[in-house]
Amino acid sequence: MQIEIVEMEDRKAKFILRNSSPAMANALRRTMLQDIPKMAIDKVEFHLGPIMQDDKEYESVTSLFDEIIAHRLGLIPVPTTDQFTFQKDCSCGGVGCPGCTIMYSLNKVGPGTVLSGDLMPLGDSTLKVKDEAIPIVELTDTQAVLIYATAVMGTAKQHVKWQAAFGVGYSYMPTVTIKADKAGVAEVQEAAESYPGLFKVEGGKLVVDDIYRACTYGKAVEQDPALQDAVTVEWDDTAFVFKYETDGSLTARQVLDKAVEILEQKAEEFAAVVEAL
């Protein structure tokens, strides 16, 4: 199995999995979706009673139920680094420490919109949330919120708030062949315009511009009456084009590296069990 990086940005990536099989491609996909550990807010404490600020009294209440606000806080991407581990595996015994939890405070008075950027980490300022413009709740001029939230490590098997990668999908690696005697035909070139990015005209001849666009348009091209006799699309069942994004809690590179590490660990564990039998 080989991985060839095509595009690697902070929050999205594209790569080719070569010398593999559909079973392995699906195992990698499911691992990226379900098994990547990340931090997310799991416990929220709301202050009850009046809140005083600048000699003015505010009411600790909002237009939303506390449960809805807690749910929204849980879905805010929280930075995840190698310093964190699962509470059950932490040396503190799950009580809570800098190695397994992040504490946030949220203190805001109205009027205005409470945003994810209002969450302030207690201690390490580098643990501030990645997206600071996510709206949480609207406050009137007499309302306020005082919240303490605790983030812990988990995986998407427990809850979707711990899902780091999204839109993880793959297709067989395509090969697009344009017949030489058809590449210069005007009707063929005109029909190819229906698939933007896949084809282009170069030197009066139709050529493939971006082969990865065939992952999207391939089946349509195969069934297009105007291109059936001019273009052939073939699919390699040993190579797969992967595309995915992250929520920002982990980079795209970290998600891929961790998924491969988890798959390797599971394979070793399975081999040990088979050997023991």
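The values are calculated or read from the model by the stated rules, or taken from the named source; none is laboratory data. Keep in mind the model is a prediction, meaning the values are calculated, not measured. Note that we place each Cβ from the backbone using ideal geometry, even for glycine, and neighbour counts take in every protein chain shown.
Summary table
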quantity	calculated
Matching residues in region 161-187 - criterion: being without any contact (Cβ under 8 Å) to a residue 12 or more places away in the chain and hydrophobic (A, V, I, L, M, F, W, C)	Ala180, Ala186
Region 212-244: number of residues that are assigned to a strand (DSSP E or B) and among the aromatic types (Phe, Trp, Tyr)	4
Lone qualifier among Ile136, Ile76 - being of a type in the set (Val, Ile, Thr), in a loop (DSSP other than H, G, I, E, B) and within 21 Å of the chain's Cα centre (by Cα)	Ile76
Hits in region 7-35 - residues which are assigned to a strand (DSSP E or B) and either modelled with pLDDT under 95 or basic (Lys, Arg) (or both)	Lys12, Lys14, Arg18
Those residues of region 123-142 which are surrounded by fewer than 17 Cβ atoms within 10 Å (Cβ to Cβ) and either of a type outside the set (D, E, K, R) or in contact with a helix residue (DSSP H, G or I) (Cβ under 8 Å, 6 or more places away or on another chain) (or both), in sequence order	Gly123, Ser125, Thr126, Lys128, Asp131, Glu132, Ala133, Pro135, Thr140, Thr142
Set Val114, Val61: member being aliphatic (A, V, I, L, M) and modelled with pLDDT under 90	Val61
Residue tally, condition within 22 Å of Leu48 (Cα to Cα), out of contact with any Ser or Thr (no Cβ under 6 Å at 6 or more places or on another chain) and not in a strand (DSSP E or B), over region 92-116	1
Unmet criterion (only one of (1) within 26 Å of Lys14 (Cβ to Cβ); (2) assigned by TED's automatic domain parsing to the domain that holds Val44) for Ala144	(1)
Check on Val274, in a helix (DSSP H, G or I), touching a strand residue (DSSP E or B) at 6+ places or on another chain (Cβ under 6 Å) and not assigned by TED's automatic domain parsing to the domain that holds Leu28	no
Contacts under 6 angstrom Cβ, first residue in region 220-246 being farther than 30 Å from Leu33 by Cβ, partner β-branched (Val, Ile, Thr) and surrounded by fewer than 17 Cβ atoms within 10 Å (Cβ to Cβ), 6 or more apart	Thr232/Thr177
Verdict on Lys200 being within 14 Å of Val176 (Cα to Cα), part of a strand (DSSP E or B), without any contact (Cβ under 8 Å) to a residue 40 or more places away in the chain and among the charged types (D, E, K, R)	yes
Lone qualifier among Cys90, Cys100 - being surrounded by 13 or more Cβ atoms within 10 Å (Cβ to Cβ), in contact with a Cys (Cβ under 9 Å, 6 or more places away or on another chain), without any contact (Cβ under 8 Å) to a residue 12 or more places away in the chain and of a type in the set (A, V, I, L, M, F, W, C)	Cys90
Unmet criterion (only one of (1) within 12 Å of Val152 (Cβ to Cβ); (2) in contact (Cβ under 8 Å) with a residue 12 or more places away in the chain; (3) out of contact with any strand residue (DSSP E or B) (no Cβ under 7 Å at 6 or more places or on another chain); (4) not small (Gly, Ala, Ser)) for Phe84	(3)
